[in-house]
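To start, the structure under review is shown below, and the notes come after it.
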Amino acid sequence: MATLSTTLPTTGHTPAIIVPGKPDTLSISYQQLNSHVLTFQKNLAHLGIAPQAAVSIALPNSYEFVVAFLAASWQRAIAAPLNPAYKQEEFEFYIDDLSSAVTLVPRGSFYQDGPAVRAARKYKAAVAECYWNGHEVVLEIKDSGKLSGKEGQEVQKAQPDDIALVLHTSGTTGRPKAVPLTHRNLTRTMKNVQTTYKLTSNDRTLLVMPLFHVHGLLAGLLASLFSGGSVIVPSRFSASEFWDNFITYKANWYTAVPTIHQILLRNPPPSNMPEIRFIRSCSSPLSPKTFSELERAFNAPVLEAYAMTEGAHQMTSNPLPPAKRYPGSVGIGQGVEVKILNAFGSEVPQGGEAEICIRGENVTKGYLNNPEANKTSFTQDGFFRTGDQGKQDEDGYVIITGRIKELINKGGEKISPVELDNVVSQNPSVAEAVCFAIADEMYGQDIGLAVVVKDGEETTPEELRKWIAAKVAKFKVPKQIFLTDNMPKTPTGKVQRRMVAEAMLKQQK
Ligand code: ATP
Ligand code: MG
């Protein structure tokens, strides 16, 4: 019976969690972690959180987050991590959307009357501060909101089909959708990630992704805990501290979005390169150029994976060597079935391009309060339609060619912005390239391109256009090219093409 409580190791020879700190680093064993989670779980029970009520967790990456998250799920509540940097309105949206019973905030937030606290008050959610007191993670109730304190005071035992987590999609293509994930969904991904990278108790990962998204939570934290390894948890990603932490705490792998890999390439280790078993890249397309730069600079295999909130994160990944891996491919289904289906739900011949569809125990049963999306998101035989377009090579390796919603439709000619980004990124003066659709009188849509020029390099839109014209067919040459210092991104480092388009058109005015 797989739940988050039954799969957490209870003993181990390595620390479960390490929180770097000066002067004191916190190092927590598996025994301690289990006992702290149990105490926190009992305290949640005393508050009277009903089974399957939402516990909003507005905490930064921290030991408190880890304990609060696990305890909420063990207690059959629904953990709902929220970006602690949200503004009040954003907190209001999420707290209201899930009718949160309680919102967990860092120590001092109540007195400061921060945005999460004000939002919780508006919807009568209780507010509790969480902090480490040197012995345990304290749950200090500050406002009991609508909690009566009488309901469900017993310690509960979670079941595999209980919802353990609700996260919203990143909102890249529209309004964020609420995705419920059960213990079964999460533990399946944990196992899939462990199997893919052969994680053991000897592995140590430095967590750089936020825990309020599936990437950091599942591939960074939970898969490691499931494997009995160690997770180093700084409060946030910092390029200047990355290598120091990596070396000091003997990490041997990390997972991140391409933006972070690029930042690390610009900030290599000051002295000796540590030994890295593998580097995982996920959540956004990794350009072949960054792939090879990374492999060369950090002397480690780069394994690109493909994930989404609805799949409890990972769906496919490139395997460890000696198996084949290659830039531009997100690898093979890892404990997940993959099919490329056309609009009518039939499989296209191998090599054909259509919608990537997936099936597996990791996939959500459907969005919350969104019957419209649920009706169109699943095929009759239970495959989930990802909204991503792609194809498979003869060995089943998936190549993503773009999001169906983001394909540029130039007079009926469908252009994949991802492919074009990759071409432009090869230009020696280009640090980053993002293509998007712009309105066009003649074709309906045409191609816009935003470019960040590398430090110390110079180029012009005319030069770039000429260079691109020598590489791709004429209809793929961007109509408008914008140079910018600042490529807009979502909080998780994703490129939102819509947002880039808006920013560039505004910049032009
Ligand atoms: P929304 O669904 O609200 O529009 P979103 O799809 O960005 O937002 P997430 O669930 O965070 O929300 O992201 C999943 C998506 O990220 C995938 O559907 C895919 O488009 C993209 N993605 C993930 N990994 C990769 C990858 N390795 N290469 C290219 N795209 C990727
Ligand atoms: Mg999506």
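Quick check: is even one residue across segment 464-474 surrounded by fewer than 21 Cβ atoms within 10 Å (Cβ to Cβ) and either within 31 Å of the chain's Cα centre (by Cα) or hydroxyl-bearing (S, T, Y) (or both)? Among the residues of segment 464-474, not one is surrounded by fewer than 21 Cβ atoms within 10 Å (Cβ to Cβ) and either within 31 Å of the chain's Cα centre (by Cα) or hydroxyl-bearing (S, T, Y) (or both), which makes the answer no.
Search segment 375-385 for residues being away from ligand 1 (no atom under 16 Å from the Cβ) and polar (S, T, N, Q), and hand back the single one that is nearest to G174 (Cα to Cα).
Taking segment 375-385 as the starting set, the residues that turn out to be away from ligand 1 (no atom under 16 Å from the Cβ) are 375, 379-382.
Checking which are polar (S, T, N, Q) leaves us with 379-380.
Values: T379: 22, Q380: 25 Å.
Here the answer is T379.
For segment 307-321, the set of residues classified as touching a Cys at 6+ places or on another chain (Cβ under 8 Å) and within 12 Å of ligand 2 (Cβ to nearest atom) consists of A307 only. Could you list, in sequence order, all residues of segment 450-488 that are within 14 Å of F436 (Cβ to Cβ) and in contact (Cβ under 8 Å) with a residue 40 or more places away in the chain? Selection gives A450, K476, P478, K479, Q480, M487.
Against the list (1) charged (D, E, K, R); (2) closer than 30 Å to A373 by Cβ; (3) touching a residue at least 40 places away in the same chain (Cβ under 8 Å), the condition K289 fails is (2). The single residue among E154, E136 that is away from ligand 1 (no atom under 16 Å from the Cβ), modelled with pLDDT under 95, more than 30 Å from T386 (Cα to Cα) and more than 26 Å from the chain's Cα centre (by Cα) turns out to be E154. When the criteria are applied in full, S240 meets the requirement of being over 30 Å from H13 (Cβ atoms) and either surrounded by fewer than 16 Cβ atoms within 10 Å (Cβ to Cβ) or among the charged types (D, E, K, R) (or both). Being under 15 Å from W132 (Cα atoms), modelled with pLDDT of 95 or more and not basic (K, R): is that true of Q32 here? Taking the combined requirement at face value, the residue satisfies it. Note on segment 1-118: enclosed helices (runs of 4 or more DSSP H) holding 3 or more residues that are closer than 26 Å to I163 by Cα are 30-47, 63-74, 88-97.
Do we have L165 as within 27 Å of P15 (Cα to Cα), within 16 Å of ligand 1 (Cβ to nearest atom) and of a type outside the set (G, A, S) here? Steps first, answer last, please.
Numbers: within 27 Å of P15 (Cα to Cα): yes; within 16 Å of ligand 1 (Cβ to nearest atom): yes; of a type outside the set (G, A, S): yes.
For L165, the condition - within 27 Å of P15 (Cα to Cα), within 16 Å of ligand 1 (Cβ to nearest atom) and of a type outside the set (G, A, S) - is met.
Taking the listed residues V430, V418, the one that is hydrophobic (A, V, I, L, M, F, W, C) and without any contact (Cβ under 8 Å) to a residue 40 or more places away in the chain is V430, with no other qualifying.
Residues of segment 355-362 include at least one that is crowded, with 22+ Cβ neighbours inside 10 Å and within 13 Å of ligand 2 (Cβ to nearest atom). Going by the conditions given, is L420 crowded, with 18+ Cβ neighbours inside 10 Å and in contact with a Leu (Cβ under 9 Å, 6 or more places away or on another chain)? Taking the combined requirement at face value, the residue satisfies it.
All of G387, G396 fail the test of being loosely packed, with under 14 Cβ neighbours inside 10 Å, touching a strand residue (DSSP E or B) at 6+ places or on another chain (Cβ under 8 Å) and within 22 Å of A305 (Cα to Cα), apart from G396.
Within segment 169-217, being within 16 Å of ligand 2 (Cβ to nearest atom), in a loop (DSSP other than H, G, I, E, B) and either without any contact (Cβ under 8 Å) to a residue 40 or more places away in the chain or surrounded by fewer than 24 Cβ atoms within 10 Å (Cβ to Cβ) (or both) holds for T169, S170, G171, T172, T173, G174, R175, P176, K177. I'm trying to understand the selection: among the residues of segment 386-431, which are among the β-branched types (V, I, T) and more than 11 Å from ligand 1 (Cβ to nearest atom)? If the condition is that a residue be among the β-branched types (V, I, T) and more than 11 Å from ligand 1 (Cβ to nearest atom), then I408, I415, V423, V424, V430 are the ones that fit.
Of the residues A223, A305, A256, A300, which single one is more than 27 Å from T173 (Cβ to Cβ) and touching a residue at least 24 places away in the same chain (Cβ under 8 Å)? Working first, answer last.
On the way: A223 fails: more than 27 Å from T173 (Cβ to Cβ); A305 fails: more than 27 Å from T173 (Cβ to Cβ); A256 fails: more than 27 Å from T173 (Cβ to Cβ).
Step by step, each of A223, A305, A256, A300 is checked, and only A300 is more than 27 Å from T173 (Cβ to Cβ) and touching a residue at least 24 places away in the same chain (Cβ under 8 Å).
Restricting T173, T200, T205, T196 to those that are within 14 Å of ligand 1 (Cβ to nearest atom), more than 15 Å from the chain's Cα centre (by Cα) and within 21 Å of V302 (Cβ to Cβ) reduces the list to T196.
Yes or no, residue by residue, for (1) of a type in the set (D, E); (2) under 22 Å from P176 (Cα atoms):
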{"residue": "G402", "(1), (2)": "no, yes"}
{"residue": "S429", "(1), (2)": "no, no"}
{"residue": "F436", "(1), (2)": "no, yes"}
{"residue": "E457", "(1), (2)": "yes, no"}
{"residue": "F482", "(1), (2)": "no, no"}
{"residue": "K494", "(1), (2)": "no, yes"}
{"residue": "L505", "(1), (2)": "no, no"}
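Looking only at segment 478-509, residues that are over 30 Å from R236 (Cβ atoms) and modelled with pLDDT under 95 come to 3 in all.
The values are calculated or read from the model by the stated rules, or taken from the named source; none is laboratory data. Keep in mind it's a predicted model, so treat the numbers as computed, not measured. Neighbour counts are summed over all protein chains in view; Cβ atoms, including those assigned to glycine, are modelled from backbone coordinates with ideal geometry.
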